[in-house]
Each structure stands twice: as C-alpha cells, then as structure tokens.
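A quick write-up on the structure given underneath.
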Amino acid sequence: MTLRTTTAILLAGTLALGACKKDAPEDLPPPPIDPNAGSQAPTGPVAPGVGTNEHFVAGVNGQNVILFDTDRYNIDSADAAALQTQAQYLGQYPSVTITIEGHADERGTREYNLALGERRANAAKNYLTSIGVAANRISTVSYGEERPTALASTPEAWGQNRRAVTIVVN
C-alpha cells in the first residue's frame, strides 16, 4: 500500500466515525438533590455515635491502649484499670464488638514480634473475658512491629510501640 492509499483509508474511517456522533439530548436530567438542603447546620460539636471507635475512645477516656515492658505480655495494675474501664463500656453497650491489636517494637525478628503481639492481644482479651465480657465480642490480631506509633529508634519510642490497642469493629 502506498502512503496515499493509507492516508485515504484513515481519512475515510475518521469521517465514518464522525458521522456516528450523536447530538446532546435536548432535556438534561435534573441536578442531584442535596440531602442537607433545607436542614440547619449543627450549632455545636456533634457527638460520635454509639458503635464508632471515636465513641469508644471517648467513653473509656482514651484508655484504649495498654503498654507492656520489653518482652512481656503480663497485665499490670495500670493495664487492669484501663481494661476494667473498657469492660464497663462494653457492658453498657452490648452490641459493640471489638478487636484487640497486639504490637511490638522494632527489635527482634519479625516472627518473634508477631508472636509477642499475639500474646499481648490475647492477654488483654483473656483479662476482659475474666471480668465478664463475652469472648465472642472480642477478636485479636497481631501486627508485630509493622504498625509503630512512634517512629524513632529510642527507648521512649520502643515503649510506646509495645502495646495492645482496643478498637471498635462494628
């Protein structure tokens, strides 16, 4: 094929496709309805709803995190107080289910830290079930060192990363 023939074929195809062009419809659909139209904006801060993580954190006064010593997963008296506060909240809202996330600092192997995070999450779960929270309302997960809250490689940061965090899942 020559260049002239190829150009003619492309031009004919372009013209044929251009002939398929449809005109815009005469009547356009109505604009979307704003569900907030006509309602008044809230005048103050809106309280988080029951069943949200924000409501839980507010309900336990920020005591949704417990901290652990190096290579430990035992529940000390400060941890027990925080978990008792969580149990009181869960007793007040029986439809709420939670997940306890176990975490470790960056030291140690990945496998060791995952296992340690699991033991920490299970220790918190076992304490909650021992004081009356139904086990079927609590799930656990270990993130090991994968989700640090503090990114520095210092004793202070490691102390913040050795934790179990309770979150609402429904």
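The amide H of residue 140, built 1.01 Å from its N in the peptide plane, has 100 as neighbours under 5 Å, considering only residues 5 or more places off or on other chains. Applying the Karplus relation 6.51 cos²θ - 1.76 cosθ + 1.60 with θ = phi - 60° to the stretch 160-169 yields 3J(HN,Hα) values of 6, 7, 7, 8, 10, 10, 9, 10, 7, 10 Hz, where x marks Gly and Pro. A simple rule links phi to the HN-Hα coupling: the Karplus curve 6.51 cos²θ - 1.76 cosθ + 1.60 with θ = phi - 60°, which for the stretch 86-101 gives 5, 5, 4, 4, 5, x, 6, 10, x, 8, 7, 10, 10, 10, 9, 9 Hz, with x for Gly and Pro. What the Cβ-Cβ distance of residue 106 and residue 50 gives, at R0 = 45 Å and to the nearest 0.05, is a FRET efficiency of 0.80.
Throughout, read-outs are computed from the coordinates displayed, never taken from laboratory work. Just so you know, these numbers come straight off a predicted model, no measurement behind them. Note that each Cβ is placed from the backbone with ideal geometry, even for glycine, and that neighbours are counted across all protein chains shown.
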